[in-house]
1. So Leu12 ticks every box in (1) within 17 Å of the chain's Cα centre (by Cα); (2) not in a helix (DSSP H, G or I) but one. Which box is left unticked?
2. Based on this model, can you work out whether Leu73 counts as surrounded by 10 or more Cβ atoms within 10 Å (Cβ to Cβ) and modelled with pLDDT under 90?
3. Among the listed residues Leu47, Leu98, Leu117, Leu81, which satisfies the condition of being at pLDDT 90 or above and assigned to a helix (DSSP H, G or I)?
4. In the set Leu65, Leu86, Leu47, which member is of a type in the set (A, V, I, L, M, F, W, C) and touching a Leu at 6+ places or on another chain (Cβ under 9 Å)?
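The values are calculated or read from the model by the stated rules, or taken from the named source; none is laboratory data. As the structure is a computational prediction, the values presented were derived from the model and not from experiment. Positions of Cβ are backbone-derived with ideal geometry, glycine not excepted, and every protein chain shown enters the neighbour counts.
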Amino acid sequence: MNIYEKAVKEGLTFNYLGVKTLQELQSLGIQELKKYATTLHKGLKELKEETLFERMSNEEETTQLQFDITMDLIKYKQEGLDYIKLQASKSQEKQELLAILHTKQKEQLHELSEEELKAKIAAL
């Protein structure tokens, strides 16, 4: 069972900046998610120290699931941002190449003979 199925099955809620549901958590930005993940991570470390030689408590399991989901959302959103940046970079490169191509085509027109220019004009 994946972490999201487990969260739904258990009715997992969150308690960060008024966020209660997974849908509300997903609506947070990356920076807020990172802050929440840091808070959860600190809580997990404290819980693990308390239960070092014991089986994982329900609270620890819940906090671990909240942390795993938060980290997955951060990864998902970061991949989306990376994709957008890549597309923007490709678009910019394409525009630069089109500008160079346009310049080369204009240069080629300047190199045409008078007869070739007249033929092109007549064809229009």
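1. Condition not satisfied by Leu12: (1).
2. Working: surrounded by 10 or more Cβ atoms within 10 Å (Cβ to Cβ): yes; modelled with pLDDT under 90: no.
No; evaluated as a whole, the condition is false for this residue.
3. On the way: Leu47 fails: at pLDDT 90 or above; Leu117 fails: at pLDDT 90 or above; Leu81 fails: at pLDDT 90 or above.
That would be Leu98, the only listed residue that is at pLDDT 90 or above and assigned to a helix (DSSP H, G or I).
4. On the way: Leu86 fails: touching a Leu at 6+ places or on another chain (Cβ under 9 Å); Leu47 fails: touching a Leu at 6+ places or on another chain (Cβ under 9 Å).
Exactly one residue qualifies, and that residue is Leu65.
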